[in-house]
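Below is one structure, written out as C-alpha coordinates; the observations come after it.
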Amino acid sequence: MINRIIDISVKHKSLLLVGVALACLWGWRSMMTLPLDATPDLSETQVILYSRWDRSPD
(Lines give C-alpha, C1' and ligand atoms only; values in the text may rest on other atoms or scores of the structure.)
Protein backbone atom coordinates (compact mmCIF):
# COMPACT_ATOMS: atom_id res chain seq x y z
CA MET A 1 0.00 0.00 0.00
CA ILE A 2 2.83 2.40 0.81
CA ASN A 3 4.53 1.57 -2.49
CA ARG A 4 1.30 2.38 -4.33
CA ILE A 5 1.00 5.76 -2.57
CA ILE A 6 4.61 6.57 -3.43
CA ASP A 7 4.08 5.55 -7.08
CA ILE A 8 0.97 7.74 -7.38
CA SER A 9 2.82 10.64 -5.71
CA VAL A 10 5.72 10.34 -8.16
CA LYS A 11 3.40 10.17 -11.18
CA HIS A 12 1.21 13.10 -10.11
CA LYS A 13 3.66 15.60 -8.60
CA SER A 14 1.58 18.66 -9.42
CA LEU A 15 -1.52 17.18 -7.79
CA LEU A 16 0.51 16.35 -4.69
CA LEU A 17 1.93 19.89 -4.49
CA VAL A 18 -1.55 21.40 -4.86
CA GLY A 19 -2.83 19.12 -2.07
CA VAL A 20 0.03 20.10 0.25
CA ALA A 21 -0.51 23.80 -0.52
CA LEU A 22 -4.24 23.50 0.21
CA ALA A 23 -3.52 21.70 3.49
CA CYS A 24 -1.08 24.44 4.50
CA LEU A 25 -3.57 27.19 3.66
CA TRP A 26 -6.34 25.41 5.53
CA GLY A 27 -4.09 25.02 8.60
CA TRP A 28 -3.02 28.67 8.48
CA ARG A 29 -6.64 29.86 8.19
CA SER A 30 -7.69 27.60 11.05
CA MET A 31 -4.86 28.92 13.21
CA MET A 32 -5.81 32.54 12.50
CA THR A 33 -9.53 32.09 13.19
CA LEU A 34 -9.19 29.92 16.31
CA PRO A 35 -10.41 31.88 19.35
CA LEU A 36 -7.84 31.74 22.12
CA ASP A 37 -9.01 32.66 25.60
CA ALA A 38 -6.03 31.73 27.75
CA THR A 39 -2.79 29.85 27.55
CA PRO A 40 -2.20 27.06 30.05
CA ASP A 41 0.59 27.22 32.61
CA LEU A 42 2.91 24.40 31.61
CA SER A 43 5.47 24.95 34.34
CA GLU A 44 5.97 22.47 37.14
CA THR A 45 3.59 22.60 40.06
CA GLN A 46 5.15 24.33 43.04
CA VAL A 47 4.02 24.15 46.64
CA ILE A 48 5.15 26.74 49.16
CA LEU A 49 5.18 25.64 52.77
CA TYR A 50 5.41 28.16 55.58
CA SER A 51 6.72 26.66 58.80
CA ARG A 52 8.60 27.69 61.89
CA TRP A 53 12.32 27.00 61.79
CA ASP A 54 13.41 26.27 65.34
CA ARG A 55 16.25 23.85 64.68
CA SER A 56 19.89 24.54 64.06
CA PRO A 57 21.39 23.88 60.61
CA ASP A 58 23.24 20.86 62.01
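Note the full-extension length gain between Ile5 and Leu22 as 0.36 nm times their separation in residues minus their Cα-Cα distance, in nm to one decimal.
4.2 nm
Quick one: what are the phi-derived ³J(HN,Hα) couplings along region 11-27, Karplus 6.51/-1.76/1.60 with θ = phi - 60°, whole Hz, x for glycine and proline?
Result, rounded to whole Hz: 6, 10, 5, 5, 5, 5, 5, 5, x, 5, 5, 5, 5, 5, 5, 5, x.
Report the normalised scattering of the chain as log10 I(q)/I(0) at q = 0.19, 0.25 Å⁻¹, calculated by the Debye formula with identical scatterers on the alpha carbons.
Once normalised to I(0) and log-transformed, intensities are -0.87, -1.05.
Which value at 222 nm does the chain reach when only helices count, each DSSP H run of 4 or more adding -39,500 (n - 2.57), with the total divided by all residues and rounded to the nearest 500 deg cm²/dmol? Write out the running numbers ahead of the final one.
Values: 2 runs with 31 residues, N = 58.
One gets -17500 deg cm²/dmol as the mean residue ellipticity at 222 nm.
Which ³J(HN,Hα) values in Hz, rounded to whole numbers, follow from the phi angles of region 33-49 under the Karplus curve 6.51 cos²θ - 1.76 cosθ + 1.60, where θ = phi - 60° and Gly and Pro get x?
9, 6, x, 10, 8, 8, 9, x, 8, 9, 6, 5, 6, 10, 10, 9, 10
Excluding ligands, DNA and RNA, what is the solvent-accessible area per residue of the chain at a probe of 1.4 Å, expressed in Å²?
Values: 6700 Å² over 58 residues.
Per-residue value: 116 Å².
The values are calculated or read from the model by the stated rules, or taken from the named source; none is laboratory data. In this text the structure is predicted, and so the values were computed from the model without any measurement. The accessibility values were calculated without ligands, DNA or RNA, using every heavy atom of the protein model including side chains. Shrake-Rupley method; radii C 1.70, N 1.55, O 1.52, S 1.80 Å.
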